[in-house]
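Read the structure below first, then the notes.
The values are calculated or read from the model by the stated rules, or taken from the named source; none is laboratory data. Keep in mind the model is a prediction, meaning the values are calculated, not measured. Virtual Cβ from ideal backbone geometry, glycine too; neighbours counted across all protein chains shown.
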Amino acid sequence: MHGLDLAAINPDVRPGDDFFQYANGRWLALTKIPPDRSSLGVFDQLTELTTKRLAELIRATLTASTPSARQIGDYYSAFMDEAAIERLGLQPLQPTLERIEAIGDRRQLARYLGSTLRADVDVLNNTELHTANFLGVWVAKSLTGPPRNLPFLLQGGLVMPDRDYYLDTGEHMAHVRQVYQQYVTELLRLGSTPDAEALAAKVLALEERIARTHESLTDSEDVLKGNNLWMRAEFAQRAPGLDWDDFFAGAGLAEQRQFVVWQPSAVTGMAALVGSEPLPTWKAWLRFHALDHAAPYLPHAFVALHFGFHEKELSGTPELPERWKRAVDATSAALRDAVGQLYVQRYFPPAEKAQVEALVHNLLAAFRTRIDRLQWMTPATRARAKEKLAALRVSIGYPQTWRSYAGLEVKPDEALANEERAELFEYRYRLGQLHRPVDRSEFVMPAQLVNAVNLPALVGLNFPAAILQPPFFDPQRPAVMNYGAIGAIIGHEISHSFDDQGALFDAEGQLHNWWTPQDFAHFRAAAAQLVQQFDHYQPLPGVFVHGQQTLSEDIADLAGLSAAYDAYRLALPGEAPAWHGLSGDKQFFLSFAQSWRQKVREARLRQSIITDGHAPAQYRADTVRNIDAWYGPFDVQPHQDLYLAPEARVRIW
């Protein structure tokens with residue numbers, strides 16, 4: 001059936017007590033998380049569907065003859081050839097291990113650390129704020145001054161997801177650290193490392209010291225704290241201990257004169273550790289990191305050990321996904337545009353793209369009207385806000401130009417080497433942007449990814465094709481449901497341009513405050529009210545949501561839902577047709593709540609509370625409590641749990 005999942009609704013729960021449970025209660029009661037997943041929700045289900053579709057498309061390339069198809073087929077074949085991988089054993093990683101072993105002094109260490117710099121983090125889009133490499137880098141448009149591309153350096157060096165895993169003194173984290181040290185020991189031992197247990201203790205001690213240099217997730221998400229322009233000549237003085245000449249030479253950045261250092265305390269602290277920690281400890285750390293990174297491409301003993309810690313322990317996932325799923329993910333990551341082009345050709349027709357673009361048009365119109373209606377906003381700030389809204393570039397589905405992977409060597413019998421070459425190819429592609437003009441039309445996400453993103457410095461939005469499918473978007477169901485589901489997501493991404501971080505960027509993508517002081521004070525006060533609301537949510541006993549950490553996403557959820565409701569009313573004036581006895585408003589809000597349905601394992605939930613800028617799904621669904629229009633259709637009364645008095649409802653945009 002095209003439309004709401006009526007069987008998921010639990011009529012025994014009053015909407016005003018728990019709207020998430022009301023909309024999804026029966027589904028939650030009957031659904032089991034698959035053993036190879038840490039959670040199951042709409043995003044997970046669409047990812048699973050997309051993976052199956054990609055597997056079919058990728059397998060079709062095995063007999064194709066075009067260069068691009070051959071690359072895809074050979075990459076997938078190499079990963080799937082488990083017999084060859086078992087036969088080769090640790091041999092494919094041996095050149096890396098030998099280079100590490102050959103490091104004889106701190107200059108050589110610095111050069112090697114530089115050679116590990118990779119484009120695996122994207123600080124401006126918050127798609128990844130963690131890297132196990134010594135540092136991470138992303139090349140993106142400058143935030144101030146003349147528009148040009150700059151390298152953004154990000155803290156790294158930790159295999160576990162966040163500094164809290166190393167520094168939190170609670171019982172749970174102490175247990176995780178014990179399991180981690182055992183994992184480090186076993187992986188080093190499996191990698192034929194002498195004195196594995198003693199070296200593992202040194203590796204963990206070094207990572208604990210690295211963790212103490214790291215800035216918190218909340219601080220890392222603060223663009224005003226992150227935009228630190230360092231000249232190349234300043235590194236030796238600001239961050240002594242690391243030979244920066246050798247580091248940048250190893251990274252291929254010897255000629256780069258300017259950098260944005262996103263977390264200065266981490267860069268300074270980690271450089272000091274390079275100068276103070278014994279060289280053998282750093283070499284043990286490098287050896288472990290090399291083994292950990294390569295493990296998914298090595299024999300099964302490595303794969304199982306890696307999965308046992310990273311997924312089973314940290315996320316609670318009981319079983320390793322089937323090999324074909326892992327092969328699809330690896331191929332899609334390495335050849336993202338080549339695989340994405342196949343996906344779009346089969347599963348995202350132009351007619352559906354046109355429908356989504358029409359929906360976006362209505363969302364932008366609704367947001368413009370909401371800006372006009374804001375009584376607290378002064379005319380000067382309102383004019384700048386509308387100027388920024390008009391400048392937004394919304395890209396639907398896929399990039400204007402697909403990338404070529406010509407020059408990337410892929411062989412059907414070299415799984416690990418293929419991955420290493422693909423990483424290096426991507427890194428060099430990113431560095432190449434330093435010498436090109438800023439591309440404001442860049443589509444930064446793979447078309448086959450179930451996600452969306454706001455690009456504040458580019459004043460743009462990306463909605464990959466894979467998220468534009470049921471239940472988020474379905475051209476065959478009542479339009480009001482699309483506004484409640486994908487409309488709220490589109491509104492969410494538009495709203496990121498005006499959240500606590502996005503609002504700091506002007507219509508040119510420059511970091512500069514375009515607010516009057518009184519307007520910004522009002523905005524901050526409303527945001528603080530939302531922080532307080534989310535601080536009270538307790539997903540596990542004694543574990544609370546961090547409202548400041550999730551603030552940007554919470555603002556976007558609230559503003560996006562508000563704008564989507566207005567857009568639905570704009571597109572469907574009067575009363576929307578009833579559907580199975582449900583009014584248009586009920587269809588809208590239920591579609592929103594069902595788009596956030598999710599079951600999650602406790603370990604994964606604990607990890608997300610620490611590392612994720614989003615609140616848990618149930619609280620995102622309960623955003624409706626701040627929307628006046630939700631109260632009437634669901635007969636929400638003052639004595640019910642979600643009820644907020646009109647003056648207590650948070651209103652930002």
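For every residue, the table says whether it meets (1) at pLDDT 95 or above; (2) assigned to a helix (DSSP H, G or I).
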site	(1), (2)
ALA383	no, yes
ALA422	yes, yes
LEU431	yes, yes
GLN448	yes, no
PHE463	yes, no
- Task: For residues that are more than 15 Å from the chain's Cα centre (by Cα) and of a type in the set (Gly, Ala, Ser), scanning just the range 423-465, find the one that is surrounded by the most Cβ atoms within 10 Å (Cβ to Cβ).
- Result: ALA465
- Look through LEU187, LEU204 and report the one residue that is part of a helix (DSSP H, G or I), assigned by TED's automatic domain parsing to the domain that holds HIS289, touching a residue at least 60 places away in the same chain (Cβ under 8 Å) and out of contact with any Pro (no Cβ under 8 Å at 6 or more places or on another chain). LEU187
- Could you identify the single residue in ALA366, ALA380, ALA391 that is more than 22 Å from GLY560 (Cα to Cα) and among the small types (Gly, Ala, Ser)? ALA380
- Item | Close pairs from the range 398-420: first closer than 23 Å to LEU291 by Cα, partner in a helix (DSSP H, G or I) and of a type in the set (Lys, Arg), Cβ under 7 Å, at least 6 apart | GLU409/ARG421
- Note on the structure: So, first residue more than 23 Å from LEU461 (Cβ to Cβ) in the range 364-381, second residue in a helix (DSSP H, G or I), Cβ within less than 6 Å, six or more apart or across chains; the pairs are TRP376/HIS522; THR378/ASP519
- PHE498 vs. criteria farther than 25 Å from SER216 by Cα and crowded, with 21+ Cβ neighbours inside 10 Å: no
- Could you tell me which of the residues ALA479, ALA485 is under 21 Å from the mean Cα position of the chain (by Cα) and of a type outside the set (Val, Ile, Thr)? ALA485
- Could you please tell me which pairs satisfy a Cβ distance under 6 Å, a separation of 6+ or placement on different chains, a first residue in the range 102-126 that is among the hydroxyl-bearing types (Ser, Thr, Tyr) and modelled with pLDDT of 85 or more, and a second residue that is surrounded by fewer than 23 Cβ atoms within 10 Å (Cβ to Cβ) and part of a loop (DSSP other than H, G, I, E, B)? TYR112/ILE103; THR116/ASN133
- Task: Filter the range 1-58 for residues that are assigned to a helix (DSSP H, G or I) and polar (S, T, N, Q) and give the result.
- Result: GLN21, ASN24, GLN45, THR47, THR50, THR51
- Task: Just give me the residues in the range 334-363 being surrounded by fewer than 16 Cβ atoms within 10 Å (Cβ to Cβ) and either farther than 23 Å from GLY491 by Cα or without any contact (Cβ under 8 Å) to a residue 24 or more places away in the chain (or both), in sequence order.
- Result: GLN345, ARG346, PRO349, PRO350, ALA354, ALA358, HIS361
- Task: Determine if the range 557-564 includes at least one residue that is more than 28 Å from LEU217 (Cα to Cα) and either modelled with pLDDT under 95 or buried (at least 24 other Cβ atoms within 10 Å of the Cβ) (or both).
- Result: yes
- Query: Could we say that THR218 is among the β-branched types (Val, Ile, Thr), closer than 23 Å to ARG604 by Cα and part of a helix (DSSP H, G or I) here?
  - Reply: yes
- Message: Suppose the filter is more than 20 Å from VAL480 (Cα to Cα), among the charged types (D, E, K, R) and either in the same structural domain as ASP554 (by TED's automatic domain parsing) or within 26 Å of the chain's Cα centre (by Cα) (or both); does ARG604 pass it?
- Response: yes
- Those residues of the range 60-101 which are under 30 Å from SER276 (Cα atoms) and without any contact (Cβ under 8 Å) to a residue 40 or more places away in the chain, in sequence order: GLN94, PRO95, GLU98, ARG99
- Task: Go through the range 147-184 and count every residue that is among the β-branched types (Val, Ile, Thr) and in a helix (DSSP H, G or I).
- Result: 3
- Note on the structure: Only one of (1) on the phi < 0 side of the Ramachandran plot; (2) crowded, with 17+ Cβ neighbours inside 10 Å; (3) of a type in the set (Gly, Ala, Ser) does not apply to ALA233, and that is (2)
- Item | Residue that is aliphatic (A, V, I, L, M) and at pLDDT 95 or above, where the choices are VAL159, VAL223 | VAL159
